[in-house]
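S.K.: What follows is a structure written as structure tokens; I'll ask about it next.
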Amino acid sequence: MDSWLQKKYRINLDMSKKILITGGAGFIAHHLIDKILSTTNWEIITLDRLDFSGNLNRLKEVVSSYPEKEQKRVRVVHHDLKAELNPEIIATIGEVNYISHLAAGSHVDRSITHPLEFVMDNVVGTAHILEYARKIDGLERFAYFSTDEIFGPAPSGVNYKENDRYNSTNPYSATKAGAEELVVAFENTYGLPSLITHTMNVFGERQNPEKFIPMVIKKVRDNEEVTVHANTKKTIAGSRHYIHAEDVSNALLFLFNYNISSLGADSTGAKCQKFNIVGKDEIDNLQLAKYIADVQNKPLKYKMVDFHSQRPGHDLRYSLDGNKMKEMGWEPHSAYKKLDEVVKWTLKNDRWLKL
């Protein structure tokens, strides 16, 4: 067990606790499962349809690293949330204390070409899991994973707070915002004990190789040119607050063990609490690519490209204000240390660059 995490975040080790995680074979979710296995005695049920975003090999690799007794704490239930949870699925899941809803379509490019798929996955899918959740007696918390992209591009010096206005610039972010409002409505209407997180540019081991960090790792290794998202003049690279998936997992467990009711409604009167899970360092993508090349002791071959003009929906800068979580007592680690680890791990386990 991770005693430091237990002590710092007061992790509940009650054996009777059970968490349902949607999209458990996805990238962030499989890291969350790893963290729950290492820091709690909770039972874990993952609800998956196993499409492009889900990969059971991720889950198997993580779970199989634990003793057989611990492996038995994880069960996979197959279900596509475009359909409501029927009585058989509900019976298979059994009673749960927590729900963490991570299942979502998350590829901006695909949302631009196939927007209705994202409406079905992210809005209708969330409505179905909410409708299931509101009928659970004694549910302690429903957590919805949203994104920084609902706020749209952040001008230099602007860091969006949890309840700032939406300004979605692509169908992906619009459907995440729509689902977020459904969560708010279910808390206001039915009293569903909910929380919403906004996070951005999560990275880590076993990430899909089309994502920026594993893509750069591979291209630098293979002496290929890296394309860097930039402004219209191709002089300023896009920037993000990168955060490792383990920090995101720690943040969620912190929130599950925090007395959220003590926070009360904010100045807008909103009851459903939202939390920005923000990386410690804002890093522009050229700086990031150079860092990855330096870790490999190789030169970086790159070109700057004005992505937004060529592919509308891709914004130069996103940024969130992380002060709320900081004041509550949670802070992330520096992305740079984790980047070192992820680059070296990925090169050693390069099968994850071949998917």
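The values are calculated or read from the model by the stated rules, or taken from the named source; none is laboratory data. No experiment lies behind these values; they were computed from the predicted model shown. As a convention, Cβ positions derive from the backbone with ideal geometry for all residues, glycine included, and neighbour counts pool all protein chains shown. Heads up: the accessible areas ignore ligands, DNA and RNA and are worked out on the full protein's heavy atoms, side chains in. Shrake-Rupley method; radii C 1.70, N 1.55, O 1.52, S 1.80 Å.
S.K.: Report yes if ALA29 is farther than 16 Å from VAL96 by Cα and either in a loop (DSSP other than H, G, I, E, B) or of a type outside the set (Gly, Ala, Ser) (or both), otherwise no. Step through it out loud before you land on a result.
M.R.: Working: farther than 16 Å from VAL96 by Cα: yes; either in a loop (DSSP other than H, G, I, E, B) or of a type outside the set (Gly, Ala, Ser) (or both): no.
Answer is no for this residue.
S.K.: Residue by residue through the range 266-301, note down the ones that are closer than 30 Å to THR40 by Cα and assigned to a loop (DSSP other than H, G, I, E, B).
M.R.: Initially, the range 266-301 is screened for residues closer than 30 Å to THR40 by Cα, giving 271-281.
Of everything in the range 266-301, those that are closer than 30 Å to THR40 by Cα and assigned to a loop (DSSP other than H, G, I, E, B) turn out to be LYS271, CYS272, VAL278, GLY279, LYS280.
S.K.: Of all residues in the range 268-286, which are more than 30 Å from LEU347 (Cβ to Cβ), open to solvent by less than 10 Å² (accessible area, probe 1.4 Å) and modelled with pLDDT under 95? Quick ask: steps written out before the conclusion?
M.R.: Start the filter on the range 268-286 by keeping residues that are more than 30 Å from LEU347 (Cβ to Cβ), which leaves 268-276.
Narrowing the set further to residues that are open to solvent by less than 10 Å² (accessible area, probe 1.4 Å) leaves 272, 275-276.
Residue satisfying the conditions is CYS272 alone.
S.K.: Would you pick out the residues in the range 325-355 that are open to solvent by less than 90 Å² (accessible area, probe 1.4 Å) and either touching a Ser or Thr at 6+ places or on another chain (Cβ under 9 Å) or not in a helix (DSSP H, G or I) (or both)?
M.R.: From the range 325-355, those open to solvent by less than 90 Å² (accessible area, probe 1.4 Å) are 325, 328-330, 332, 334-336, 338-343, 345-347, 349-350, 352-353; that's our starting set.
Within the range 325-355, GLY329, TRP330, PRO332, SER334, ASN349, TRP352, LEU353 meet the criteria.
S.K.: Would you pick out the residues in the range 164-198 that are acidic (Asp, Glu) and either surrounded by 22 or more Cβ atoms within 10 Å (Cβ to Cβ) or under 15 Å from the mean Cα position of the chain (by Cα) (or both)? Reasoning before the result, please.
M.R.: Going residue by residue through the range 164-198, those that are acidic (Asp, Glu) are 164, 180-181, 187.
Listed by number, the list holds a single entry, GLU180.
S.K.: Which one of these is buried (at least 18 other Cβ atoms within 10 Å of the Cβ) and within 25 Å of ILE99 (Cα to Cα): ALA265, ALA251, ALA293, ALA289?
M.R.: ALA251
S.K.: Here's another thing I want to ask about it. Would you mention how many residues in the range 111-145 are in contact (Cβ under 8 Å) with a residue 12 or more places away in the chain, surrounded by fewer than 18 Cβ atoms within 10 Å (Cβ to Cβ) and basic (Lys, Arg)?
M.R.: Qualifying residue count for the region: 1.
S.K.: Further question on the same structure: Answer yes or no as to whether ASP321 is of a type in the set (Asp, Glu), modelled with pLDDT of 95 or more and open to solvent by less than 80 Å² (accessible area, probe 1.4 Å). Quick ask: steps written out before the conclusion?
M.R.: Values: of a type in the set (Asp, Glu): yes; modelled with pLDDT of 95 or more: yes; open to solvent by less than 80 Å² (accessible area, probe 1.4 Å): yes.
It is true that ASP321 is of a type in the set (Asp, Glu), modelled with pLDDT of 95 or more and open to solvent by less than 80 Å² (accessible area, probe 1.4 Å).
S.K.: Moving to a separate point now. Out of the helices (runs of 4 or more DSSP H) lying entirely within the range 102-171, which hold 3 or more residues that are at pLDDT 95 or above and closer than 29 Å to PHE254 by Cα?
M.R.: Details: elements: 108-113, 115-118, 125-133.
Per the criteria, 125-133.
S.K.: Another question, if that's okay. How many residues does the range 278-300 contain that are of a type outside the set (Val, Ile, Thr) and touching a helix residue (DSSP H, G or I) at 6+ places or on another chain (Cβ under 8 Å)?
M.R.: Qualifying residue count for the region: 12.
S.K.: A further question follows. I need a count of the residues in the range 216-258 that are assigned to a loop (DSSP other than H, G, I, E, B) and either touching a Cys at 6+ places or on another chain (Cβ under 8 Å) or over 23 Å from HIS333 (Cα atoms) (or both).
M.R.: So in the range 216-258, the residues assigned to a loop (DSSP other than H, G, I, E, B) come out as 222-225, 231-236, 238, 257-258.
After this cut, where a residue has to be either touching a Cys at 6+ places or on another chain (Cβ under 8 Å) or over 23 Å from HIS333 (Cα atoms) (or both) as well, the list is 222-225, 231-236.
Of the residues in the range 216-258, 10 are assigned to a loop (DSSP other than H, G, I, E, B) and either touching a Cys at 6+ places or on another chain (Cβ under 8 Å) or over 23 Å from HIS333 (Cα atoms) (or both).
S.K.: Quick test for you: out of THR147, THR46, pick the one residue that is touching a Ser or Thr at 6+ places or on another chain (Cβ under 8 Å) and over 20 Å from LYS18 (Cα atoms). I'd like the intermediate steps shown before the answer.
M.R.: Numbers: THR46 fails: over 20 Å from LYS18 (Cα atoms).
Testing whether each residue is touching a Ser or Thr at 6+ places or on another chain (Cβ under 8 Å) and over 20 Å from LYS18 (Cα atoms) leaves just THR147.
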